[in-house]
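The structure under discussion appears below in the form of structure tokens.
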Amino acid sequence: MDNLNNLMDGFGAAITPTNLLFACVGVLLGTAVGVLPGIGPAMTVALLLPITYNVEPASAFIMFAGIYYGGMYGGSTTSILLNTPGESSSVITAIEGNKMAKAGRAAQALATAAFGSFIAGAIGTTLLTFFAPWIAVQAVKLGDPSYLAIMVLALIAVTAVLGSSKLRGFIGLFLGLAIGIVGIDSLTGQSRMIFGIPLLGDGIDIVVVAVAIFAIGEALWVAAFLRRRPQEIIPVGRPWMGKDDFKRSWKPWLRGTAFGFPFGAVPAGGAELPTFLSYVTERKLSKHPEEFGHGAIEGVAGPEAANNASAAGTLVPMLALGLPTNATAAIMLAAMMGYGIQPGPALFESESTLVWTLIASLFIGNFLLLVLNLPLAPLWAKLLQTPRPYLYAGILFFASLGALAVNLQWFDLALLLFFGLVGLGMRRFGVPVLPLIIGVILGPLVEERLRKTLLLSSGDWSGLVSEPTAIIVYAIIALGAIGMAVTGAVRGRKDTTTEVSA
Amino acid sequence: MSDTIQTTTPPTATPERRRDLAQFIVVAFLVVVATLLVVDAAGLRNDFAETDPVGPKVFPWFIAAMLYLTAALLSIAILRGSIPEEEGGEDVDLDQRAEWLTVAKLVGVFVFLIATVDLLGWTIAGALFFAGCSLTLGSRTWLRDLAIGTALSVGSFYAFYVGLGVPLPAGILDGIL
């Protein structure tokens, strides 16, 4: 098997002292930020983008991958020990997990989450090893028109499927596309949307936008609604689980993985739906249905596995097609472009060593998470007691540091504040963040590819549908739009009393 | 449907607040951005019109049109009573009254950082920024906050200088650090 050989070479490159150190740092940092309220893996990777100036791409991506997997894991710890989940993907875990913790079974809840994450991560990464290269091989054959269609599909899917209000999702997307316009037009060399400010000539750095929207926006939003009475944190010892817990957990782990991976791999699948499906399935299949709602271990095992498997699945479109479908993948893609690496189907050919080292390091990071985090759980629980003024002052501090380091000019700090206020407004007015970030990153690529396609067809617009794949993808978009309009109309007629989510 | 799940996020819409007219801020923002796009794109030339029929104008114009459209749709939705789903979080208690004064003070501290970072340098401005933020957010131990801020700013200055080769602004301490 070619893939296995490549993977072995990847392990060879990943198991160097330096890279193992980066993997450890990434996993620990990722778990810490996953546990801490207010920061997530996407923001952390964005803050760490300055290291790409001086660190080998392989090492940097090994660390980013560790942060990504670690963040998922840390999020589940928070939702078990506190009753307010920070990320939408761990909402479901909190339902049974927090009940278990309150009933004195926090150690078992954390253990089943940890083992479930490990198993889902291992299976998911294995599937990634075989699927991603295969998809890339198919995708390399696609020409510009098809690739353009797939990018458009990803943009629309991420915007329309996730979140509660489609209208507000599209508002986020178009604002992101507008930000992407700023700078020099790649084909004619003219400046656009710079308002006579030469400092905007190179465009707005993605680090500044991402850090502002995630970190500054979040810190300002929390500042307005900071909980006055601190929440009760359930103390926990070392996670462990008995034989009976294992017996009840292993099937949910596998079923959760089966739900999570495919949803992560398609654009806009996300983690919300598979975790929900996994929860519902476990409740139906359980031999102890009476425990659901009072702390059933299956209700933690399944959704946690689904959550992590979906995280692994997300890396399939990112590595095979260069399409990010969640915030962390989007920032990792920005880091790739910062290195001058062109993301896309050719990545497996052109950057073979980097990609396989990254995949190997996912296995390593996944294993490190298990061995490091089981003994460290009490420490992570302590981290939740960080005084909030320090936590949010720290987030603001590091966000400013990250933005300042990009170009070493105060102007980036001013941009940071401006987009931070935009991020605050988005949280207040329910405009989702992800479409904006993906719009900023993919917008310029879509425009460039659209215009290049038309250059190649000498300005003939039918060049856009000159490939069968392109036609199929546009048909999928059209069908999706019709389907959504129909279900929207039906739902609108059924209950006019509930909120008009447009 | 029996397959519904009670999530822990509390309902944000209170019955007495039927319309959220503050959302017209979003509408106004969208219109401003769209108008900027249209005006800016109008001044662009397309030198290769035969082969590049899209040119540099079409994309901004398309985005602007979509922003106008979403602004119009949002206006209708607001008037029909659409309430935004405000974002929750571990430290966010949406049942409390919003303290916009705290936010304004934080913005003030931020403006101070922007104004002084070149003059005072990252070490001093950054330390003051951290202390200012934590004091605004309810900390009362200003001496300790300053100490932590200084440790962070000096530490990050050297970490970036030595570790990454990125010289952050040294300001008035140039030559001493």
Considering A:I67, A:I80, A:I123, which residue is more than 16 Å from A:V300 (Cβ to Cβ), at pLDDT 85 or above and surrounded by 24 or more Cβ atoms within 10 Å (Cβ to Cβ)? A:I67
Look through A:A132, A:A139, A:A107, A:A101 and report the one residue that is more than 30 Å from A:A481 (Cα to Cα) and either open to solvent by less than 10 Å² (accessible area, probe 1.4 Å) or of a type in the set (K, R) (or both). A:A101
Given (1) in a helix (DSSP H, G or I); (2) buried (at least 19 other Cβ atoms within 10 Å of the Cβ), index of the condition A:P432 fails: (1)
If you check A:A178 against the conditions, is it within 27 Å of A:A265 (Cβ to Cβ) and either open to solvent by 10 Å² or more (accessible area, probe 1.4 Å) or at pLDDT 85 or above (or both)? no
When you scan the stretch B:55-62, do you find a residue that is within 7 Å of another protein chain (Cβ to nearest Cβ), within 23 Å of A:E447 (Cα to Cα), without any contact (Cβ under 8 Å) to a residue 12 or more places away in the chain and out of contact with any Cys (no Cβ under 7 Å at 6 or more places or on another chain), even just one? yes
Here's a check for you: in the stretch B:152-174, which residue that is open to solvent by less than 70 Å² (accessible area, probe 1.4 Å), more than 8 Å from chain A (Cβ to nearest Cβ) and free of Cβ contacts under 8 Å to residues at least 12 places away in the same chain is nearest to A:V55 (Cα to Cα)? B:A159
Lone unmet requirement of (1) touching a residue at least 24 places away in the same chain (Cβ under 8 Å); (2) assigned to a helix (DSSP H, G or I); (3) within 30 Å of A:R168 (Cα to Cα) for B:G126: (3)
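What number of residues within the stretch A:402-414 satisfy the criterion of being in contact (Cβ under 8 Å) with a residue 40 or more places away in the chain and either within 7 Å of chain B (Cβ to nearest Cβ) or crowded, with 22+ Cβ neighbours inside 10 Å (or both)? Walk me through it before giving the result.
To start, the set of residues in the stretch A:402-414 that are in contact (Cβ under 8 Å) with a residue 40 or more places away in the chain comprises A:402-403, A:405-407, A:409, A:411-412.
Still in the list and also either within 7 Å of chain B (Cβ to nearest Cβ) or crowded, with 22+ Cβ neighbours inside 10 Å (or both): A:402-403, A:405, A:412.
Number of matching residues: 4.
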Selection over the stretch A:204-223 where residues are more than 7 Å from chain B (Cβ to nearest Cβ) and open to solvent by less than 20 Å² (accessible area, probe 1.4 Å) yields a count of 11
Please verify whether the stretch B:81-90 includes one or more residues that are more than 25 Å from the chain's Cα centre (by Cα) and at the interface with chain A (Cβ under 7 Å from one of its Cβ atoms). yes
Of those in the stretch A:278-302 that are touching a residue at least 60 places away in the same chain (Cβ under 8 Å) and farther than 21 Å from A:A258 by Cβ, the residue nearest to the other protein chains (Cβ to nearest Cβ) is A:G293
For the stretch A:138-185, how many residues are facing chain B (nearest Cβ under 9 Å) and more than 25 Å from the chain's Cα centre (by Cα)? 1
Are there any pairs with C-beta distances below 7 angstrom linking a residue in the stretch A:42-58 that is closer than 12 Å to B:F160 by Cα and within 9 Å of chain B (Cβ to nearest Cβ) to a residue that is small (G, A, S) and open to solvent by less than 40 Å² (accessible area, probe 1.4 Å), with the two at least 6 apart or on different chains, and if so which? A:P50/A:G402; A:P50/A:A405; A:I51/A:A60
Pairing a residue in the stretch B:94-114 that is touching a residue at least 24 places away in the same chain (Cβ under 8 Å) and more than 7 Å from chain A (Cβ to nearest Cβ) with any residue that is exposed (fewer than 13 other Cβ atoms within 10 Å of the Cβ) and not in a helix (DSSP H, G or I), where Cβ atoms lie under 8 Å and the two sit 6 or more apart in sequence or on different chains, gives B:D95/B:P10
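The values are calculated or read from the model by the stated rules, or taken from the named source; none is laboratory data. Computed from a predicted structure; not experimentally measured. Cβ sites come from the backbone with ideal geometry, for glycine too, and all protein chains shown count toward neighbours. These area figures cover heavy atoms from the full protein model, side chains too; ligands, DNA and RNA do not enter into them. Shrake-Rupley method; radii C 1.70, N 1.55, O 1.52, S 1.80 Å.
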